[in-house]
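Structure record follows, encoded as structure tokens.
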């Protein structure tokens, strides 16, 4: 007997695809751990149909009532899933991505040591888009003129999010003084190769997820001397049980940790720190600072397209920076609404749609309220 759990959560047709020689059609679990009991809810970062099979399963993939011309902007997980589902349901789809290859933030994560397998997800989506006949335009800036030239009935804006350079975070709503120094970078810039860093580096990590620790490993592997500074009391505290494994990796990479510490200011190749427990302050020399503090959605297309396209859906991190599971869920959900009789004009129309049978609070009687 061969027992498979997460493999068939990510790909329900795993056994059939293997049996009939269709292995390339199967998603491969990337251990995102959203199916773990340590994470709230239940689902899969790659397969949004988990626990929704009656609505979205393989038996619910019939063509939409009417076919539409759809433009998807952004080739990250949300955009690729939206394009895949839209094409699968009979729509004519063009996907536009400004980078030279698909993958979005997932492709950047795959550049971190120990996370190279993340490429498998992007490769699977790219294969599906090719199989379904989606027109993919990479290395292309999607401005309003380019999009409108395609005469779309609907546009799905999946332009993602980028790290904010100013240093605001859930710990502090104020920018860090000195954030505009030329040696202050973001994880996006470092991992994409847009900018390089060397020497003694300080990573300010107030997210507590993959970006800070993964960027630290990436830079350490390239010969940099890296210290992570965080107000948290552990590295990557929001990574669940994986944080213990990550801690071991950081030690092996020679990354130093300065926890329970906040950054007061960034000076001329130096950073002023404060130990939260005691208020003790010290200044350390640096050659570079990387801000892994918060992300800000890239949503400039919305205003440009409003009133010019009948249906505009802002999905994934372009709606609000979150995790992979929300990105793929929204890509799938709103692609399924395309061409339906209940198709909303915007994401907000759907999220705040009053369900049938719902009674507003003011109509409830005292007995109902009790």
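The values are calculated or read from the model by the stated rules, or taken from the named source; none is laboratory data. The structure presented is a predicted model; accordingly, all values stated were derived computationally and were not measured. Note: ideal-geometry Cβ built from the backbone for every residue, glycine included; neighbour counts use all protein chains shown.
Working only within segment 302-314, note down all residues that are farther than 14 Å from residue 71 by Cα and either surrounded by 13 or more Cβ atoms within 10 Å (Cβ to Cβ) or under 23 Å from the mean Cα position of the chain (by Cα) (or both). Those that are farther than 14 Å from residue 71 by Cα and either surrounded by 13 or more Cβ atoms within 10 Å (Cβ to Cβ) or under 23 Å from the mean Cα position of the chain (by Cα) (or both): 303, 304. Scanning segment 238-257 for residues that are more than 17 Å from residue 112 (Cα to Cα) and crowded, with 16+ Cβ neighbours inside 10 Å returns a single hit, 257. The residues of segment 12-25 that are crowded, with 16+ Cβ neighbours inside 10 Å and either at pLDDT 95 or above or not in a loop (DSSP other than H, G, I, E, B) (or both), listed by number, are 14, 17, 25. Would you mention how many residues in segment 278-296 are surrounded by fewer than 16 Cβ atoms within 10 Å (Cβ to Cβ) and either within 21 Å of residue 217 (Cα to Cα) or touching a strand residue (DSSP E or B) at 6+ places or on another chain (Cβ under 9 Å) (or both)? The qualifying residues number 8.
A single member of 123, 130 is without any contact (Cβ under 8 Å) to a residue 60 or more places away in the chain and out of contact with any strand residue (DSSP E or B) (no Cβ under 9 Å at 6 or more places or on another chain), and it is 123. One residue stands out in segment 88-111 among those that are touching a residue at least 40 places away in the same chain (Cβ under 8 Å) and more than 22 Å from the chain's Cα centre (by Cα): the one that is surrounded by the fewest Cβ atoms within 10 Å (Cβ to Cβ), namely 90. Exactly one residue out of 299, 341, 317 is outside any strand (DSSP E or B) and loosely packed, with under 15 Cβ neighbours inside 10 Å: that is 341. Any residue at all in segment 237-246 that is under 14 Å from residue 260 (Cβ atoms), assigned to a loop (DSSP other than H, G, I, E, B), touching a residue at least 12 places away in the same chain (Cβ under 8 Å) and touching a strand residue (DSSP E or B) at 6+ places or on another chain (Cβ under 9 Å)? For segment 237-246, residues under 14 Å from residue 260 (Cβ atoms), assigned to a loop (DSSP other than H, G, I, E, B), touching a residue at least 12 places away in the same chain (Cβ under 8 Å) and touching a strand residue (DSSP E or B) at 6+ places or on another chain (Cβ under 9 Å): absent.
Against the definition (at pLDDT 85 or above and surrounded by 14 or more Cβ atoms within 10 Å (Cβ to Cβ)), how does residue 39 come out, yes or no? Here the answer is no, as residue 39 does not meet what is asked. Can you say whether residue 204 is surrounded by 17 or more Cβ atoms within 10 Å (Cβ to Cβ), modelled with pLDDT of 95 or more, more than 30 Å from residue 347 (Cα to Cα) and in contact with a strand residue (DSSP E or B) (Cβ under 7 Å, 6 or more places away or on another chain), as far as the supplied structure shows? Taking the combined requirement at face value, the residue satisfies it.
Inspect all residues belonging to segment 59-69 and state whether any of them is in contact (Cβ under 8 Å) with a residue 40 or more places away in the chain, in the same structural domain as residue 331 (by TED's automatic domain parsing) and surrounded by 21 or more Cβ atoms within 10 Å (Cβ to Cβ). Scanning segment 59-69, I find no residue that is in contact (Cβ under 8 Å) with a residue 40 or more places away in the chain, in the same structural domain as residue 331 (by TED's automatic domain parsing) and surrounded by 21 or more Cβ atoms within 10 Å (Cβ to Cβ), so the answer is no. On the basis of being surrounded by 11 or more Cβ atoms within 10 Å (Cβ to Cβ) and modelled with pLDDT under 95, does residue 336 make the cut? Spelling it out, it is not the case that residue 336 is surrounded by 11 or more Cβ atoms within 10 Å (Cβ to Cβ) and modelled with pLDDT under 95. In the set 166, 189, only one residue is farther than 20 Å from residue 306 by Cα, touching a strand residue (DSSP E or B) at 6+ places or on another chain (Cβ under 9 Å) and in a loop (DSSP other than H, G, I, E, B); that residue is 166. Note on segment 58-87: residues that are assigned to a loop (DSSP other than H, G, I, E, B) and under 23 Å from the mean Cα position of the chain (by Cα) amount to 3. Within segment 44-51, can one find any residue that is closer than 26 Å to residue 241 by Cβ and either outside any loop (DSSP other than H, G, I, E, B) or more than 20 Å from the chain's Cα centre (by Cα) (or both)? Yes, because at least one residue in segment 44-51 is closer than 26 Å to residue 241 by Cβ and either outside any loop (DSSP other than H, G, I, E, B) or more than 20 Å from the chain's Cα centre (by Cα) (or both). Looking across segment 311-333, the residues that are in contact (Cβ under 8 Å) with a residue 40 or more places away in the chain, on the phi < 0 side of the Ramachandran plot and out of contact with any strand residue (DSSP E or B) (no Cβ under 7 Å at 6 or more places or on another chain) come down to 323, 324, 325, 327, 328, 329, 330, 331, 332, 333.
Residues that are closer than 26 Å to residue 191 by Cβ and touching a residue at least 60 places away in the same chain (Cβ under 8 Å) within segment 268-293 comprise 269, 271, 284, 285, 286, 287, 288, 289, 290, 291, 292, 293, listed in sequence order.
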